[in-house]
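A short write-up of the structure that comes next.
Derivation of every value follows stated rules applied to the coordinates shown; laboratory data play no part. Bear in mind that the values here come from a model prediction, so they are computed numbers and not experimental data. Every residue, glycine among them, receives a Cβ derived from its backbone with ideal geometry; neighbour counts consider all protein chains shown.
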Amino acid sequence: MKVILNQDVAGLGEEGDIKEVAGGYARNYLLPKKLALPYTKQNIAHLGARRATIEQRKDEKRREAMSIKERLESEELVFTMPAGESGKLFGSVNNAMVVQELENRGYSIEKKRVAVIFVLFIFSALFWSGFEQAGSSLNLVAERLTDRVYFGWEMPASWFQSVNPLWIITLAPVFAWLWVKLGKYEPSSPAKFAIGLILMGSGFLVLVWATAIAQTGVEVSPMWLVVTYLLHTCGELSLSPVGLSMVTKLAPKRMVGQMMGVWFMSISLGNLMAGLVAGYFEAMALPTLFGAVAATAIGGGLILFLLVPMLRKLMSGVH
């Protein structure tokens, strides 16, 4: 990059290299230490991840650093100094001026990462608007449309609320192993969000089929709800823990608490929408209602898949 002072100022028409002008400050600001420095043995041990995964993330950080460096080298900054200023170029153009100008040109990584949080906030709310119907719509399906009688004993409908926690306990270790096992093929955080939405929508597709059968006057097998909760749980494991981790990585250090609050607000918004949708349980045909929820969730997941390349670029090295 070249930093040039206005030629009208006598004696200050020189050109300087960004390393000399910024004294390393602008470079460190634009490329945080986590992006610029290699992982140490302690870091690798602390993360507890496979070496292949660490190497992949190091390569991503190096590529991001090189991308920013190439952009910086093509930039040309021009500053107009007040009349009567004198002295050398490097003494007149300070670090803050360089950094501010670069931020004005869209080099602020923090702003881009916060923008990603707000984009995923929308999709998170959409996910929870379907998932949190477990205590309303799905509970009514269990109570009114499901055969719960075994050897003359009727199982309480509320017991189906235990199916999701059981799936969580069973599948959480599997997902933890899977992400590490995939290594360099592990999906990015936005891709996992999309997968979670599609899995949740698929659970409602199962209910479309089940409620269509129930409309004929036949109580359906509990396995329909068990499979629905299985798909919802897989969606939750793809989105919920990933979202929490992603916010802590993307949020500026001074705003981590605030961004976590915003993230939990997406869950609150999802619960609100879930209640509004459940209000149509008796007003609409259930296959139509659950079909609309499924279409919205799966459609949102597909849209998010299309946005993944753009979001990964804005995340600036965060996987």
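The stretch between LYS313 and LYS249, if pulled fully straight at 0.36 nm per residue, gains 21.6 nm over its current Cα-Cα span. Hey, with R₀ at 22 Å, roughly what FRET efficiency would VAL256 and VAL119 work out to, going by the Cβ-Cβ distance, to 0.05? Efficiency at R0 = 22 Å is approximately 0.75.
What the Cβ-Cβ distance of GLN215 and ALA292 gives, at R0 = 22 Å and to the nearest 0.05, is a FRET efficiency of 0.85. Quick one: Cα centre-to-centre distance for segment 293-318 and segment 234-277, in angstrom? That distance is 15 Å.
Under a model in which nothing but the beta-carbon of Lys, Arg (+1) and Asp, Glu (-1) is charged, segment 162-319 shows a dipole of about 880 debye around its Cα centre. Residues whose amide H falls under 5 Å from that of VAL220, counting only those 5 or more places apart or on a different chain, are THR146, ASP147, with hydrogens built in the peptide plane. The label point for THR170 and the one for ALA285, both projected 7 Å from the Cα toward the Cβ, are 3.3 nm apart. Label 7 Å along Cα→Cβ of PHE305; segment 118-137 residues with amide nitrogen under 18 Å? Under cut-off, by backbone N: 123-124, 127.
When each of the peptides 140-148, 193-201 is scored by how many other beta carbons lie within 10 Å of its residues on average, the order from highest to lowest is 193-201, 140-148.
Please give the residues of segment 201-234, grouped as numeric ranges, whose backbone N is less than 11 Å from a label point set 7 Å along the Cα-to-Cβ vector of TRP159. Those under the cut-off are none; the list is empty.
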